[in-house]
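Undergrad: For reference, the structure I am asking about is given below.
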Amino acid sequence: MNVLLIGGGGREHAMAWKISQSSLLDELYICTGNPGTVRHGRNLALDLHDQKKLRAFILEKKIRIVVVGPEGPLVDGLHDRIAADPQLAGKVTVIGPRMEGAKLEGSKDFAKEFMFRHNIPTAAHRSFSKDQLKEAQEHLDRAQPPYVIKADGLANGKGVVITSDRKEAGKVVKDMLEGGRFGAAGERVVIEQFLKGIELSAFLITDGEAFKMLPSAKDYKRIGVGDTGPNTGGMGAVSPVPFADKDFMQKVHDRIAAPTIRGLRKDGIPYSGFLFIGLMNVNGEPYVIEYNVRLGDPETQAILPRLRSDLLDLFEGIASGTLSERHVDVDDRTAVTVVLANEGYPNEVQNGNPITGLELVRDAYVFQSGTAMSGDQLQTAGGRVLSVTAFGKDLEQAILSAQRSAGLIVYEGKYLRTDIGLDLVKQPATRTSPQPQPVK
Ligand code: AMP
Ligand code: GLY
């Protein structure tokens with residue numbers, strides 16, 4: 001089977017690595033891929049909006065499955081364009097929803113209405129359009145702080161402001177609705193109840209009828225140690241999440257995942273591919289913070305190494321509508337992923353610095369994202385440069401192993417969080433260091 005994978009980050013490197021292990025795979029193409037994915041398939045640049053060229057490529061290479069890594073092309077209608085093409089219809093399966101389903105991520109207002117309609121637990125909310133600034137301000141007067149204010153559309157993970165300052169909240173709403181903050185994404189705002197708890201992410205794969213839960217993960221969004229500083233795309237991940245025990249995940253399955261897939265069917269929204277459910281654990285009860293219509297980055301780098309099943313076989317299950325017959329087998333061990341970023345991230349960074357030491361890493365997977373080749377030399381080329389995933393017999397060992405391997409990689413501007421997973425360790429990680437012996 002020939003596969004085209006769309007994307008070029010660490011998530012797609014991990015997907016390419018996993019897909020390449022499948023006995024069902026003939027050829028893997030990655031658009032655009034990165035220097036890490038060339039070991040698993042062929043990188044190429046295709047303009048996804050040039051339907052003629054995309055069609056010619058899919059037909060010539062006999063592509064059966066198109067896997068979409070990031071949300072952008074889905075929100076933008078890539079699946080719809082392929083499905084509407086008479087020469088491609090029925091020949092190729094897209095892993096990722098059509099535009100309508102992608103609205104679960106592309107519009108917070110749509111997602112909230114969907115959850116409300118289908119009785120899926122989430123924070124109470126109100127949404128306001130451009131001409132409702134006055135109503136939005138009145139709502140803030142009545143609401144309890146902290147205020148959670150979200151731009152409706154895609155804003156690269158930056159469209160959420162949480163503040164307890166009423167004045168600032170008012171300004172944020174005004175800037176979004178009238179001042180063009182976040183552009184069109186902010187022309188509608190959602191103001192919601194603040195949920196106090198611990199965050200985690202659940203993932204599933206679905207053919208629109210059946211769904212299979214994938215391993216859960218916890219992401220570390222802030223740039224600084226101790227969860228400080230601005231939000232990023234994600235600085236690390238841990239899978240599984242120790243506080244998401246069997247009981248809790250059963251609630252996620254029964255109260256959130258199942259009603260979501262049922263709700264999509266009831267609403268007549270076809271959906272195939274991955275669903276990423278951002279959750280808050282509020283005193284043992286799961287609430288949805290957001291849906292994403294793809295896998296997470298860097299969560300994918302932690303969950304795919306734990307997946308024992310053949311990913312392409314699951315995709316084949318989607319293609320044939322027989323996902324219900326497939327089995328998801330997961331490694332029990334803990335995986336910890338540490339992102340190696342570039343100084344300055346999530347703001348501007350300096351690129352073009354040589355990266356060395358990858359060959360020294362023996363006990364971990366290294367996935368590439370912000371990298372480029374200059375001749376034979378690997379260089380930095382983005383905010384998040386690499387991610388390193390290690391296993392351990394327990395969380396503590398996985399943390400130590402990931403940090404040890406991350407330490408072997410060298411480049412100017414290297415920045416990483418040294419505390420990924422530490423908040424989840426019941427006892428400090430230093431416990432394994434030699435204890436002082438009593439003096440006799
Ligand atoms: P989102 O883009 O919707 O995932 O929001 C970004 C981050 O804001 C989340 O990862 C949470 O940390 C936080 N957040 C979003 N909504 C809420 C909420 N209702 N209550 C508390 N924190 C929230
Ligand atoms: N790591 C969060 C995301 O992929 O959206």
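Undergrad: Quick check on my filter: what residues within the stretch 147-190 are among the small types (Gly, Ala, Ser) and either in contact with a helix residue (DSSP H, G or I) (Cβ under 7 Å, 6 or more places away or on another chain) or away from ligand 1 (no atom under 16 Å from the Cβ) (or both)?
TA: Hits for the stretch 147-190 are 151, 153, 155, 159, 169, 170, 179, 180, 183, 184, 186.
Undergrad: If only one of 185, 111 is within 30 Å of residue 421 (Cβ to Cβ), within 16 Å of ligand 2 (Cβ to nearest atom) and not in a loop (DSSP other than H, G, I, E, B), which one is it?
TA: 111 is the lone residue from the list that is within 30 Å of residue 421 (Cβ to Cβ), within 16 Å of ligand 2 (Cβ to nearest atom) and not in a loop (DSSP other than H, G, I, E, B).
Undergrad: Cβ-Cβ distance below 8 Å, separation of 6 or more or different chains: which pairs start in the stretch 179-205 with a residue that is touching a residue at least 12 places away in the same chain (Cβ under 8 Å) and end on one that is of a type in the set (Gly, Ala, Ser) and part of a helix (DSSP H, G or I)?
TA: Pairs that qualify, where the first residue is touching a residue at least 12 places away in the same chain (Cβ under 8 Å) and the partner is of a type in the set (Gly, Ala, Ser) and part of a helix (DSSP H, G or I), are 189/136; 191/136; 202/257; 204/257.
Undergrad: Is it the case that residue 405 is more than 21 Å from residue 9 (Cα to Cα) and hydroxyl-bearing (Ser, Thr, Tyr)?
TA: Considered against the rule, which asks whether it is more than 21 Å from residue 9 (Cα to Cα) and hydroxyl-bearing (Ser, Thr, Tyr), residue 405 comes out as no.
Undergrad: Residue check, residue 253 against (1) outside any strand (DSSP E or B); (2) crowded, with 21+ Cβ neighbours inside 10 Å; (3) more than 16 Å from ligand 1 (Cβ to nearest atom), all met but one. Which one?
TA: Evaluating residue 253 over (1) outside any strand (DSSP E or B); (2) crowded, with 21+ Cβ neighbours inside 10 Å; (3) more than 16 Å from ligand 1 (Cβ to nearest atom) leaves (2) as the failure.
Undergrad: Tell me whether the stretch 115-124 contains one or more residues that are crowded, with 19+ Cβ neighbours inside 10 Å, part of a loop (DSSP other than H, G, I, E, B) and within 16 Å of ligand 2 (Cβ to nearest atom).
TA: The answer is no, given that none of the residues of the stretch 115-124 is crowded, with 19+ Cβ neighbours inside 10 Å, part of a loop (DSSP other than H, G, I, E, B) and within 16 Å of ligand 2 (Cβ to nearest atom).
Undergrad: For residue 107, which of the numbered conditions (1) surrounded by fewer than 16 Cβ atoms within 10 Å (Cβ to Cβ); (2) modelled with pLDDT under 95; (3) among the polar types (S, T, N, Q) fails to hold?
TA: So residue 107 meets the others, but not (1).
Undergrad: So, residue 150, is that one within 25 Å of residue 74 (Cβ to Cβ), modelled with pLDDT under 95 and part of a strand (DSSP E or B) or not?
TA: For residue 150, the condition - within 25 Å of residue 74 (Cβ to Cβ), modelled with pLDDT under 95 and part of a strand (DSSP E or B) - is met.
Undergrad: Enumerate the pairs (first residue in the stretch 138-152 and closer than 17 Å to residue 174 by Cα; second residue anywhere and of a type in the set (A, V, I, L, M, F, W, C) and within 16 Å of ligand 2 (Cβ to nearest atom)) with beta-carbon separation below 8 Å, excluding pairs fewer than 6 apart on the same chain, so at least 6 apart or on different chains.
TA: So the pair list comes out as 148/160; 149/160; 150/160; 151/160; 151/185; 152/185.
Undergrad: Inspect all residues belonging to the stretch 137-146 and state whether any of them is polar (S, T, N, Q) and within 14 Å of ligand 1 (Cβ to nearest atom).
TA: Yes.
Undergrad: Moving on. Quick test of your reading of the structure: residue 213 fulfils all but one of (1) over 30 Å from residue 136 (Cβ atoms); (2) away from ligand 2 (no atom under 16 Å from the Cβ); (3) aliphatic (A, V, I, L, M); (4) surrounded by 23 or more Cβ atoms within 10 Å (Cβ to Cβ). Name the failing condition by number.
TA: The one condition residue 213 does not meet is (4).
Undergrad: Please identify the pairs in which a residue from the stretch 97-123 that is hydroxyl-bearing (Ser, Thr, Tyr) has its Cβ atom under 8 Å from the Cβ atom of a residue that is at pLDDT 95 or above and within 16 Å of ligand 2 (Cβ to nearest atom), counting only partners at least 6 apart or on another chain.
TA: As it stands, the answer is 122/288; 122/289, since those pairs meet every condition given.
Undergrad: Okay, moving on. Does any residue of the stretch 79-86 turn out to be out of contact with any Phe, Trp or Tyr (no Cβ under 7 Å at 6 or more places or on another chain) and either within 30 Å of residue 283 (Cβ to Cβ) or without any contact (Cβ under 8 Å) to a residue 12 or more places away in the chain (or both)?
TA: Yes, some residue in the stretch 79-86 is out of contact with any Phe, Trp or Tyr (no Cβ under 7 Å at 6 or more places or on another chain) and either within 30 Å of residue 283 (Cβ to Cβ) or without any contact (Cβ under 8 Å) to a residue 12 or more places away in the chain (or both).
Undergrad: Step by step: first the residues of the stretch 269-305, then only those that are within 12 Å of ligand 1 (Cβ to nearest atom) and of a type in the set (Val, Ile, Thr), then the one that is surrounded by the fewest Cβ atoms within 10 Å (Cβ to Cβ). Which residue is that?
TA: 282
Undergrad: Under the condition of being assigned to a helix (DSSP H, G or I) and out of contact with any helix residue (DSSP H, G or I) (no Cβ under 8 Å at 6 or more places or on another chain), which residue from the stretch 40-72 is farthest from residue 15 (Cα to Cα)?
TA: So, considering only residues that are assigned to a helix (DSSP H, G or I) and out of contact with any helix residue (DSSP H, G or I) (no Cβ under 8 Å at 6 or more places or on another chain), the one farthest from residue 15 (Cα to Cα) is 52.
Undergrad: Tell me, which helices (runs of 4 or more DSSP H) wholly within the stretch 256-331 include 2 or more residues that are within 16 Å of ligand 2 (Cβ to nearest atom) and in contact with a Pro (Cβ under 9 Å, 6 or more places away or on another chain)?
TA: In the stretch 256-331, 299-303 are the helices (runs of 4 or more DSSP H) which contain 2 or more residues that are within 16 Å of ligand 2 (Cβ to nearest atom) and in contact with a Pro (Cβ under 9 Å, 6 or more places away or on another chain).
Undergrad: Name the residues in the stretch 358-400 that are of a type in the set (Gly, Ala, Ser) and either within 19 Å of residue 225 (Cβ to Cβ) or surrounded by 21 or more Cβ atoms within 10 Å (Cβ to Cβ) (or both), would you?
TA: 364, 369, 370, 381, 383, 387, 390, 398, listed by residue number.
The values are calculated or read from the model by the stated rules, or taken from the named source; none is laboratory data. These numbers were taken from a predicted model, which means no experiment stands behind them. Note that we place each Cβ from the backbone using ideal geometry, even for glycine, and neighbour counts take in every protein chain shown.
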